[in-house]
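Engineer: I have a structure here, written as structure tokens, and I will follow up with some questions on it.
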Amino acid sequence: MQIRTGDTFDPRVVALLDHHVTAARAQTAPGSAHALDLAGLRASDVAFWTGWDGETLVATGALKTLSAGHGEVKSMHTLQTTRRRGFGGLMLRHIIAEARRRGMTRLSLETGSWDYFKPAHALYQAHGFVPCAPFEGYVDDPNSLFLTLDLGAEAFSSEVDNG
């Protein structure tokens, strides 16, 4: 997979992101979906990437800067027909590496708590993320799972990939 800076004006990217937001909202209780829309991905505090298998868009992911030392994983999504091929893990490792490169010491995320999100839970936990309290404006919500990764800790095993 080739990872590129995401183009939020590319119709293929727009279509995959629209599917991501629509699916996340359909699988989450009203008011509990926190997926970024296109405007959110274009914000100055967000870095957005796309993953390509040849000319096929297969994954998206973003890093939102919360503070100099804390980032948030956003907009992680893998094309349904290409799941279980490692693309999600590759994108997540790219985001982790970029957070480290930027000097961040903590990387967190919010995802749904429902069964639909269990593959995402497994991916994040395989890469060292552990449950944490709500962060940066989030509140306790039974529909959300909050995870964090200490970027100062020893790097995760690159052999593990449930992506």
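Engineer: State which residue is least open to solvent (accessible area, probe 1.4 Å) when the search covers only segment 8-26 and only residues that are more than 14 Å from G61 (Cβ to Cβ) and part of a loop (DSSP other than H, G, I, E, B).
Structural biologist: Among them, the one singled out is D10.
Engineer: What tally of residues in segment 124-137 results from selecting those that are open to solvent by less than 40 Å² (accessible area, probe 1.4 Å) and closer than 16 Å to A35 by Cβ?
Structural biologist: 1
Engineer: Taking G31 as the residue in question, decide whether it is assigned to a loop (DSSP other than H, G, I, E, B), surrounded by fewer than 21 Cβ atoms within 10 Å (Cβ to Cβ) and touching a residue at least 12 places away in the same chain (Cβ under 8 Å).
Structural biologist: Judged against the criteria, G31 is not a match.
Engineer: Using the structure shown, decide if M76 is in contact with a strand residue (DSSP E or B) (Cβ under 6 Å, 6 or more places away or on another chain), within 21 Å of D18 (Cβ to Cβ) and either of a type in the set (S, T, N, Q) or at pLDDT 95 or above (or both).
Structural biologist: Numbers: in contact with a strand residue (DSSP E or B) (Cβ under 6 Å, 6 or more places away or on another chain): yes; within 21 Å of D18 (Cβ to Cβ): yes; either of a type in the set (S, T, N, Q) or at pLDDT 95 or above (or both): no.
Judged against the criteria, M76 is not a match.
Engineer: Output yes when any residue across segment 74-85 is small (G, A, S) and more than 12 Å from the chain's Cα centre (by Cα), and no when none is. Explain how you work it out, then say what you get.
Structural biologist: The first filter runs over segment 74-85 and keeps only residues small (G, A, S), leaving 75.
If we keep only those that are more than 12 Å from the chain's Cα centre (by Cα) as well, we get none.
Checked against the condition, which is being small (G, A, S) and more than 12 Å from the chain's Cα centre (by Cα), segment 74-85 yields no hits at all.
Engineer: Turning to a different aspect of this structure: Only residues that are on the phi > 0 side of the Ramachandran plot and surrounded by fewer than 20 Cβ atoms within 10 Å (Cβ to Cβ): list them for segment 69-121, please.
Structural biologist: R84, G86, G103
Engineer: Among the listed residues A29, A47, A33, which satisfies the condition of being within 16 Å of the chain's Cα centre (by Cα) and modelled with pLDDT under 80?
Structural biologist: On the way: A29 fails: within 16 Å of the chain's Cα centre (by Cα); A47 fails: modelled with pLDDT under 80.
Of the residues listed, the single one that is within 16 Å of the chain's Cα centre (by Cα) and modelled with pLDDT under 80 is A33.
Engineer: If you don't mind, another one. Please verify whether segment 105-117 includes one or more residues that are in a helix (DSSP H, G or I), closer than 18 Å to D150 by Cα, of a type in the set (K, R) and in contact (Cβ under 8 Å) with a residue 40 or more places away in the chain. Write out each step before concluding.
Structural biologist: So the first thing to find is which residues in segment 105-117 are in a helix (DSSP H, G or I), and the list is 115-117.
After this cut, where a residue has to be closer than 18 Å to D150 by Cα as well, the list is none.
Scanning segment 105-117, I find no residue that is in a helix (DSSP H, G or I), closer than 18 Å to D150 by Cα, of a type in the set (K, R) and in contact (Cβ under 8 Å) with a residue 40 or more places away in the chain, so the answer is no.
The values are calculated or read from the model by the stated rules, or taken from the named source; none is laboratory data. Remember, predicted model here, so these are calculated numbers, not experimental data. Cβ: placed from backbone, ideal geometry, glycine included. Neighbour counts: every protein chain shown. Remember, those area values only see protein heavy atoms, side chains included, never the ligands or the DNA or RNA. Shrake-Rupley method; radii C 1.70, N 1.55, O 1.52, S 1.80 Å.
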